[in-house]
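S.K.: Could you have a look at this structure, given as structure tokens, before my questions?
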Amino acid sequence: MATRQLSQKPMSQTLFEYKVRARNGQVLQGTIHGTSQASVTQRLQAQGYTVLSVSKPQTQSLWQRLNEPRGKVPAATMALFSTQFAVMLSSGMSVVNALQIVGDLMKDARLRNGLERVRQRVLSGSSLGAALAADSKVFPPMLVQMVEAGEVSGSLNEIMERLAAYYEREAETKAKVKEALTYPTIVAVVGVIAVIMLVFFVLPQFVTVFEGMNMELPLITQLVLDTVGFILQWWWVILLAFITAFGILAQWIRSPKGHVFKDTFLMRMPVIGPAVSKFVFSRMCRSLSLLTRSGVPIVEGLRLTEKLVLNIPVANALARVRNAVERGVSISAAMAKESVIPRMLVQMVQVGEESGSMDTTLDHLADFYDREAAYAVKTLTTMIEPIMIVGMTVVVLILALAVVIPMFQMNTSVPGM
């Protein structure tokens, strides 16, 4: 099935979608402008087509647009697509048929629609790599580059298998991080809810009692009551200030300087920094290994890896390494000049260069950093849990003292008690 754009948009005409069958039996579909459905049908019939359908493009409701998935396609979904596509290619199926079947199996609307657009471009004579590159919001640059390399070398199914393994590891890593942070997140949410209940629902009940006794409240109780009173009176100002500050901070982080500061700060934080750094270098080694193993030139592999590490300081370091490699400097020598790249990584890369097994060395490094990152995350969560428990205990203790102390004073001040 091919897609054609039969006419440019004249004035005061409507866009219609059509599906027709040509004289040779090929089914074509695309868009055409016309004054009415009948006029479009007549025009297509006059051109010798058998009209199968003519209709206006379906418009999405506001609810459908709001519920559309945004951002990047998840790594787990890309792994599923790569695996199924590789299996179908290995069985001898054509690229066009494989794209259609895999697209029908995808639940993610972005990927499903993207694969259909790719299929239509391939039917129109485009190469698979060029068709994927035209949908850069759906298909990442690394996938496009590797598919192009696979088309040239005739090993597209092997390339897709490597991509599947890469995305599976990415998905596993993200799943491990989410799993490790689930318990601390639940503890934090429950603790915050408990404090809110105590402060805004339980404590006011005691305030009424204390005020009726006309007694002087302890300092801790007075401070808690004043704080609660201030929050209740000016909550809208506090909320507005918080939203404004958050918006300004988020906007600044999106700026080049803010992005660099955020990435540098995260890598240098005492407890979080080691985990972040190891995830960054694991992704760097895995991506570069996959690209070079698939036949992508090392300079191009470094350029693509700059975009994949998702860390500005490391990406800038890789850009300088790439420029040095283009001038004839070895990769290890260029990396040795970058303070952000660990010395062990540089030494291993040097060993890989000397032995001619760079991709294997990078794979071993990625596995090492994956294990180290998992250990760092486990250490982080092990430290977070007691810190959160101690913090919540202190807050609850302060609130309890704010209530218990005046009640104790009440009991001691009543005769006969």
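A short reminder: the numbers here are calculations on the coordinates, not readings from a lab. Keep in mind that what you see is a predicted model, and the values were worked out from it rather than measured. Cβ sites come from the backbone with ideal geometry, for glycine too, and all protein chains shown count toward neighbours.
S.K.: Run the quick spin-label model on Phe200 and Lys72: label points 7 Å from Cα toward the beta carbon, then report their separation in nm to one decimal.
M.R.: 3.7 nm
S.K.: Ok, one more. Which length gain, in nm to one decimal place, applies between Val271 and Arg254 when the Cα-Cα distance is subtracted from 0.36 nm times their residue separation? Show your work: numbers first, answer last.
M.R.: On the way: separation 17, 0.36 × 17 = 6.12 nm, distance 2.41 nm.
Result for the pair: 3.7 nm of gain on full extension.
S.K.: From the Cα gyration tensor of segment 183-417, with a ≥ b ≥ c the square roots of its eigenvalues, which class applies: rounded if a/c is under 1.5, or else prolate if a/b is larger than b/c, or else oblate?
M.R.: On the way: a/c = 4.71, a/b = 2.97, b/c = 1.59.
Note, shape of segment 183-417 comes out prolate.
S.K.: Also, I was wondering about something else. Between the helical axis of 37-46 and the dominant principal axis of the chain, each derived from Cα atoms, what acute angle in degrees is found, rounded to the nearest 10?
M.R.: Once rounded, the angle reads 30 degrees.
S.K.: Let me ask something additional. If you compute log10 I(q)/I(0) by the Debye sum over Cα atoms at q = 0.07, 0.09 Å⁻¹ for the structure shown, which of (i) -0.34, -0.58; (ii) -0.58, -0.81; (iii) -0.56, -0.71 do you land on?
M.R.: Step by step, log10 I(q)/I(0) by the Debye sum over Cα atoms at q = 0.07, 0.09 Å⁻¹ for this structure corresponds to label (ii).
S.K.: Separate question: Quickly estimate the mean residue ellipticity at 222 nm for the chain, helices only: each DSSP H run with n ≥ 4 gives -39500 (n - 2.57), and the total goes over all residues, rounded to 500.
M.R.: -24500 deg cm²/dmol
S.K.: Something else now. What distance in nm lies between label points placed 7 Å from Cα along the C-beta direction at Asn316 and Met407?
M.R.: 5.7 nm
S.K.: For Glu179, project a label point 7 Å along Cα to C-beta. Then give me every residue of segment 256-286 with its amide nitrogen under 18 Å of that point.
M.R.: Inside the label zone: 279.
S.K.: For a paramagnetic label modelled at 7 Å from the Cα of Ala333 toward its Cβ, which residues of segment 340-377 fall within the zone defined by backbone nitrogen distances under 14 Å?
M.R.: Residues passing the 14 Å test: 350, 353-354.
S.K.: Taking R0 as 22 Å, what FRET efficiency do you get between Leu223 and Ile387 from their Cβ-Cβ distance, rounded to the nearest 0.05?
M.R.: Values: r = 24 Å, r/R0 = 1.09.
Efficiency computed from Cβ-Cβ geometry: 0.40.
S.K.: Something else about it: Which lysines does Lys262 reach when only Cα atoms under 25 Å apart count, and residues fewer than 8 places away in its own chain are ignored?
M.R.: Cross-link targets: Lys72, Lys137, Lys174, Lys176, Lys178, Lys278, Lys307, Lys337, Lys378.
S.K.: Helix 203-213 sits at what angle to the longest principal axis of the chain, using alpha carbons and giving 0 to 90 degrees rounded to 10?
M.R.: 20 degrees
S.K.: Subtracting the Cα-Cα distance from 0.36 nm times the residue separation, let me have the gained length for Val152 to Ser124 in nm, one decimal. Mind dumping the intermediate values first?
M.R.: Working: separation 28, 0.36 × 28 = 10.08 nm, distance 1.94 nm.
Roughly 8.1 nm would be gained on extension.
S.K.: So if each residue of separation counts as 0.36 nm, and I subtract the Cα-Cα distance between Gln347 and Arg371, what length gain in nm does that give? Before the final figure, lay out each step's value.
M.R.: Working: separation 24, 0.36 × 24 = 8.64 nm, distance 1.90 nm.
That pair, Gln347 and Arg371, stretches by 6.7 nm at full extension.
S.K.: Obtain the nm distance between the two label points defined at Glu172 and Gln42 by a simple spin-label model: each point lies 7 Å from its Cα along the Cα-to-C-beta direction.
M.R.: 6.4 nm
S.K.: If you take every DSSP beta bridge whose two residues both sit in the chain, what share of them, in percent to the nearest 5, is antiparallel?
M.R.: Numbers: 13 of 17 bridges.
Restricted to the chain, the bridges split so that about 75 percent are antiparallel.
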